[in-house]
Structure formats: C-alpha cells, structure tokens
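The values are calculated or read from the model by the stated rules, or taken from the named source; none is laboratory data. Model, not experiment: these values are computed from the prediction. Every residue, glycine among them, receives a Cβ derived from its backbone with ideal geometry; neighbour counts consider all protein chains shown. Just so you know, the surface numbers come from the protein's heavy atoms only, side chains and all, with ligands and any DNA or RNA stripped out. Shrake-Rupley method; radii C 1.70, N 1.55, O 1.52, S 1.80 Å.
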Amino acid sequence: MFNRRKFIKATALSTALLAIDQKSMAAAIPTTNGKAVNKPIVISTWDFGVAANAAAWKVLKANGKALDAVEQGVWVPEADESNQSVGYGGLPDRDGKVTLDACIMDELGNCGAVLALEHIVHPISVARKVMEKTPHVMLAGDGALQFALEQGFKKENLLTPASEKAWKQWLKEAKYEPVMNIENKLYDKASPNKLPGNKYNHDTIGMIAMDANGNLSGACTTSGMAYKLHGRIGDSPIIGAGLYIDNEIGGATSTGVGEEVVRNVGSFLVVELMRQGYTPEAACKEAVMRIIKKKPETAKNIQVGFLAMNKKGEYGAYAIQQGFTYAVCDTQKQDLVIKGKSYY
Ligand code: SD4
C-alpha cells in the first residue's frame, strides 16, 4: 500500500543523498538495502586519536587492509613519549614497572592479545604476532616478553624520566587504591587526588577501521591504570571487553575503568546490541547504563566510555562522565573530534 509519510521521507533522503559531494560519492557504495556505506573510515578514542587516525588513513586511502590500518594507527600513541597512558612513556604500576596491555581483532574473528607486557614499545604488533604465529589468543607477562624477543622485537626501557618523576611523586603518598579514571570531575580541579605531572591519567586508544572492501578490524592498546597493582590487567587486552569486532555487524571498543568493562563484557555487548538494531550510540549508551544500574554509587566517580561503528560506517559513543572525546577520519573529514554524550 502507498504510504505518503514513507514516500516523503524517501524523497527527502534521496535529495539529501544527491547533496553529497562527488568525492564522497566515489567512496559511497550502495548496499543491497539501498543505503550508502561510509567507507573507508577509521575512528578512535580521545583527542590523540586524530594523529593515530591520520596514520591509519594512509593505509586505508591506499586501499590497504583495515587490520594494517589499525595496527599502524595505534603505533602513533604507542611511540609518543608525551602520551603517558599508552606504550612508551606510559605511567608505571606501583612498583615502577611499565606493563602494557593490547589486543587486535580482524574481520575473520582472528584475534591476539598481550597482557602486562614489559619492555616493548609496540605491544599491538606483538598481539598481532600472537594472532598470526601461534595457536593462542593471549600471552601474558614474561611469556609474552619471551615470545616478543623471539619474534625479533627489541627490549627497551619504557619508563621515561617524566613518568618516573610522576611515579616518585605518587610514592610519597602511595595510597593503596590507585586513583582511578576520575576524568574531568576531579581531575580538572585542584584535587589532592590529581596525579602529578600527568596529562593523561589513563586514556587508552581503541581504534576501529573499515577498509574500502567493507572489512572491519580493531585494535586497543594501553599502559592501563596508573600505579595499578603489579600484574593487574584491565579490559583493554580482553577480547569482548576492551574490543570486539564482528564483520557482519560492526565493532566496539572501550576506555575507562577496565574492571567495570570486564564485569559487563562491554564491547561484545555493544556489538550484540547493534545486531539487535541499536544505533552505535544507542548501543554504547545501553552498555553504559548496565554499569550504572549495577553500581550506581561506584559509577558516580568513575569514567567508562564506549565507541562503536556499524557496517554502514555509522558511528557513535557514550560515556558515564563528560569529557570523553573521539576522533573520526573518513572521506569527508580527516581530523574530526567529537564530544561523546554522557550520562552525567
Ligand atoms: C584499563 N581501560 O586498564 C584501561 C584504562 C583506560 O582510559 O582506558 N583508561 O582499565
């Protein structure tokens, strides 16, 4: 039956589509249901995602694979010593050791992870080797380091003078509980909990890319929560928690207090919600609401943010606290930073 409202909506949509410029039309390939797919595209957590996306974009625009894009994208913050929450220069645990967590997942559901890896600047590449060269998914601690060295990675000191100084300052009070992801609420105020000399308290990079062939991959890498207990693992290297990719549906990644993400298997949840028809932002919001519902008092003082993309190249995010940003790079715009919506 003819439905007038649907017809008007459809006409408006075609007019809007016509308005898309030539450049983006070249990249927009219609799907079977007639909707244009926004690809290639890469998104990643926080402002520092812009530089990471730029490196990933080089791969994507040359028709490279999403898997290579996400690996090379997150190399940027991993190697950036001014970034004290990822890779080289990351803040150490309470024993002064920089221990890194990372995972990677491709369009076939292959994945690899390293947990509490020390001395290697690019844990994401070790995670990729675990995925490609072993029958396993995760390697931890000394075993992960041994494997990395066998694969030819160089052993380096990751504790920079700035991070060592911040740790020594922290040791003066050395509260048993590490200061968790308190974000802008406490962090921006002159608070006794403020971590000294530390621009990035905790921020993990999570990245999701879709290449020109429409295949998705993701990467997630972090030095984890500053001054954590030695051996503590967060959500970032856990497939399903810090990252999840399903090439039929989309991908999701997380940042914030890893324990709460693990408890709710956050990224898997977001992807499953998208499977049920949720938009990326609505799926992220629902995953955040689960955390808040289970622990309303805890949630008031912590940050968790989810970022997701579906197979149409639509994306969205949602966080508990304000201040969560993410970076987007597609054919339209290469350095977009978006403020994620939040509960508080
Ligand atoms: C962790 N989720 O280790 C990481 C830290 C982080 O933004 O993402 N902070 O729990």
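Which percent of the accessible area of region 38-342 is formed by carbon and sulfur heavy atoms (probe 1.4 angstrom)?
Answer for region 38-342: carbon and sulfur cover 52 percent of the accessible area.
How large is the accessible surface per residue of region 284-344, computed with a 1.4 Å probe and reported in Å² as a whole number?
Per residue, region 284-344 has 44 Å² of solvent-accessible surface.
Rank by packing, highest mean first: peptides 251-260, 304-313, 73-82, with packing defined as the count of other Cβ atoms within 10 Å averaged across residues.
For the peptides 251-260, 304-313, 73-82, the packing ranking is 251-260, 304-313, 73-82.
Label LYS133 and ALA62 with points 7 Å out from Cα along Cα→Cβ: what is the distance between them in nm?
According to this spin-label approximation, the distance is 2.3 nm.
Can you tell me what share of the DSSP beta bridges in region 211-308 is antiparallel? A percent to the nearest 5 is fine.
Close to 90 percent.
Pull out the extension gain between ASN301 and ASP80, defined as 0.36 nm times the separation in residues minus the alpha carbon to alpha carbon distance; nm, one decimal.
Using 0.36 nm per residue and subtracting the Cα-Cα distance, I get 76.7 nm.
If you take the beta carbon distance between GLN276 and TYR343 as r and set R0 to 25 Å, what does 1/(1 + (r/R0)^6) give as a FRET efficiency, to the nearest 0.05? Let's see the in-between values first.
Values: r = 21 Å, r/R0 = 0.84.
It comes out at approximately 0.75.
I'd like the Karplus ³J(HN,Hα) series for region 297-302: coefficients 6.51, -1.76, 1.60, θ = phi - 60°, whole numbers in Hz, and an x wherever there's a Gly or Pro.
Going residue by residue, I get 5, 4, 4, 4, 10, 10 Hz, with x marking Gly and Pro.
Test of understanding: what is the full-extension gain from MET289 to ASP95, defined as 0.36 nm times their sequence separation minus their Cα-Cα distance?
Extending this stretch completely gives an extra 66.4 nm.
Which Cα, out of ASN310, GLY73, ASN247, lies furthest along the positive dipole direction of region 38-342 (beta carbon charges, K/R +1, D/E -1)?
So the residue we want is ASN310.
Starting from the Cα of GLN151, step 7 Å along the direction of its Cβ; do the same at ASP47; then give the gap between the two resulting points in nm.
3.2 nm
Under the rule of at least 5 residues apart or a separate chain, name every residue whose amide H is placed under 5 Å from the amide H of LYS228.
Placed amide hydrogens put ARG94 under 5 Å from LYS228.
Name the residue farthest towards the positive end of the dipole of region 102-175 from the options ALA162, VAL121, ALA140, assuming +1 on Cβ of Lys and Arg, -1 on Cβ of Asp and Glu, about the Cα centre.
Farthest along the dipole direction, towards plus: ALA162.
Using r as the Cβ-Cβ distance of LEU336 and ASN213, and R0 as 22 Å, what FRET efficiency do you calculate, to the nearest 0.05?
So the FRET efficiency works out to roughly 0.45.
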